[in-house]
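The values are calculated or read from the model by the stated rules, or taken from the named source; none is laboratory data. None of the values given here were measured: they were computed from a predicted structure. We place every Cβ from the backbone using ideal geometry, glycine too, and count neighbours over all the protein chains shown.
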């Protein structure tokens, strides 16, 4: 009973944190490139997590390390850059809504890669969710002709990676402490992130002396502490005490938070985009409706 209550607490906290992450990415991009933003986010989060739990990595088996490294690249490294690049062209609210198809991809990949079977209702939910996704992208492109909505597919790629990471954690890292998974993820990806930052031009005088840099760094620090470091540990724990699909359903509430932030920041949001959002969430609801130990 206690565990059932805890999973809802984790879900709500994560929704608030990650729902706010999209506007922080948008603001940080004012003074940083996507490569700089993604790499700094990983580096800062990694340093925080190292101090929090580096000692927890002791006595991990080679097989466990392999899955931790893989989940680190799929669940953190590549998505950090994909979302940054996507938000150079599409609104933060749209990125958050597209991110809500993670549970749908979790079901598809759970079957394809891990032979986790789904009900007929879940399959219908998957189909409905993709219809809503297409509608959201096409209408967004019409409402915002100055934005390149091909970049929306970068978010979709990121959601596929998230779904793979969720299934890996549930399948292969179920008994590994959440903090250990998170720290291990960043041990694996922090050096590649440093290399990306060096070659991104961040250390040039043009960037260092930019008047936008201080505020961009402020947003990155907030994003790193809450949206990556703390949220990563909470999410890993949520996966372990619930199911992959329940954990990824954090994306139900994230769009609500993100859209509110977007509207406050002057982003446009049309009627058909609202309809598309509701269709996506209906699909996610149906896809998540089967009780799998939830």
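Annotations for the structure displayed:
- Boolean, residue 58 is more than 14 Å from the chain's Cα centre (by Cα) and surrounded by fewer than 17 Cβ atoms within 10 Å (Cβ to Cβ): yes
- Meets criteria (under 21 Å from residue 72 (Cα atoms), more than 20 Å from the chain's Cα centre (by Cα) and in contact (Cβ under 8 Å) with a residue 60 or more places away in the chain) for residue 197: yes
- Search result, residues across the stretch 271-294 that are over 19 Å from residue 258 (Cβ atoms) and either touching a strand residue (DSSP E or B) at 6+ places or on another chain (Cβ under 8 Å) or at pLDDT 80 or above (or both): none
- Restricting attention to the stretch 265-287, the residues being in a helix (DSSP H, G or I), touching a residue at least 24 places away in the same chain (Cβ under 8 Å) and surrounded by fewer than 17 Cβ atoms within 10 Å (Cβ to Cβ) number 5.
- Check on residue 63, over 16 Å from the mean Cα position of the chain (by Cα) and farther than 30 Å from residue 274 by Cβ: yes
- Test result for residue 39, within 26 Å of residue 84 (Cα to Cα), surrounded by 23 or more Cβ atoms within 10 Å (Cβ to Cβ) and at pLDDT 95 or above: yes
- Residue 77 vs. criteria farther than 22 Å from residue 275 by Cβ and buried (at least 19 other Cβ atoms within 10 Å of the Cβ): yes
- Helices (runs of 4 or more DSSP H) fully within the stretch 207-261 counting 2 or more residues that are surrounded by fewer than 21 Cβ atoms within 10 Å (Cβ to Cβ): 213-222, 231-241
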